[in-house]
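> One structure, as structure tokens, below. Some questions next.
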Amino acid sequence: MGRFIKTIAIVMIILLSTTGCWDRVEINERAFVVLTGLDLYDPEKSAGEERHKPPKNEENRYKITYVLPSFAAIKQTSPSGENRIVLQTVAKSSYKGTRELTARMDSRPFFQHMKASILGVDVIKNEQYFMEALDGLERQDEISKKIHIFIASDQASDVLNVKSILKPLSYKLQGMGQGYRGTPIYIPKTLEEVITEVKQGDAIIPRIQASDTEVKVAGSAIIKDKKFFSWLGEEETKIVSFLTNNIKKGIMEADHKGINIPYMIENTKTRKSARVEDGKIVIDIMISTRGDIQEYIIGREPRLTDVDFLEDIEVTIQEKIKHEAERVINKLQKEMKVDIIGIEDHLRRYNPEIWKEVDHDWRDIYPTVDINVKVTSSITDIGTVK
């Protein structure tokens, strides 16, 4: 009996030690793509050192840029900007471009660790090209639906070729997507969110710009009718963050009797309610903020310890937020006629009986909706002066 058990044990050990995946790919045989960029191909905008530039035609519609970590450079602790490899190809589709890239490399592109994708503004100006780009990202099994999407103010390749002096660009963009709430001058969007919003109607996607040594994410690209419509500035994007409850922390500066008061917002909550009055939809947007005063003037009277004075400042802050919110709403609703402040979404979710009545004519009805903004701000700390 003991001999039989020993024999079985030896056989099991041999079987376990020889198991494996039939389609396994060794790690050193994979090229880990962490960022991608998509532009319309233009030989005039391609790198000047290229010896051969393909002609501009329908078969060479896109320029696709791939960023991969350079493990050899990382081992040598070279500057962060050199710890990557930037590759480009030209093709009629992203899928074909990736296949052509595979043929040029000694390893297979691997997208499961991809952090973000950047689309050049020329791509999203064309509805077909924009929809192709999103579809290509969504259908790729290896690409997570949680990757962040950015719109380049010019060429996506310009952004991806920046040699960042602070940290690798892939981790910087991932960090911007996760920790943006401290500086709400953009609203991060994942691939999943962008696709959902574009299918439903209007969308907002963060804008990214390149300099020689850094990239800046600020402002937004507005998508209307499934293509690029307009840019939205940093301050206007901040207000949209308020209106859509996408801001928790941030700075709002208000002028109080000639004194600039920096108000550091520590917590914000925005609620919406809808009703019908005299046959017209009325939306109330209620914004409440709590924050600290970060700067004043030494020796100036009244002092920040004066309760009545602090209440006056709170009123000033409330009026500033309300004024800016009404200005941005008027621009979006009356001038641009785009709903990126979540009115449609609120009606769909919380007032389906109202939405059912306006669903088919929403584009025409939206500009006529009455939107009221109510703001409540409180100061919880005035800092310490030694």
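> In the neighborhood of Tyr366, defined by Cβ-to-Cβ distances under 11 Å, what is the net charge if each Lys or Arg adds +1 and each Asp or Glu adds -1?
So the environment of Tyr366 carries a net charge of -2.
> Something else now. Applying a 10 Å radius around every beta-carbon, put 353-363, 196-206 in order of their mean neighbour count, most first.
Highest to lowest by the protection proxy: 196-206, 353-363.
> OK, next. Could you order the peptides 290-301, 144-155 from most to least packed, using the average number of other C-beta atoms within 10 Å per residue?
Final packing ranking: 144-155, 290-301.
> Please compare each pair in Lys92/Lys125; Lys125/Lys224; Lys145/Lys224 to a cut-off of 20 Å on the Cα-Cα distance and tell me which ones are over it.
In this structure, Lys145/Lys224 lie more than 20 Å apart at Cα.
> Step through the table entries Lys63/Lys337; Lys249/Lys322; Lys146/Lys226; Lys199/Lys248; Lys53/Lys146, compare each Cα-Cα distance with 25 Å, and write down the pairs that go over it.
Table pairs above 25 Å Cα-Cα are Lys63/Lys337; Lys199/Lys248; Lys53/Lys146.
> Something else about it: Excluding ligands and nucleic acids, what accessible area in Å² is computed for Leu40 using a 1.4 Å probe, to the nearest 10?
40
> Under the classification rounded if a/c is under 1.5, otherwise prolate if a/b is larger than b/c and oblate if not, where does segment 241-381 fall, given a ≥ b ≥ c as square roots of the Cα gyration tensor eigenvalues?
prolate
The values are calculated or read from the model by the stated rules, or taken from the named source; none is laboratory data. The shown structure was predicted, so the numbers you read here are calculated from the model rather than taken from an experiment. Because the Cβ atoms are built from the backbone with ideal geometry, glycine has one as well, and the counts that use them run over all protein chains shown. We work out accessible area using only protein heavy atoms, side chains counted, and drop any ligands, DNA or RNA first. Shrake-Rupley method; radii C 1.70, N 1.55, O 1.52, S 1.80 Å.
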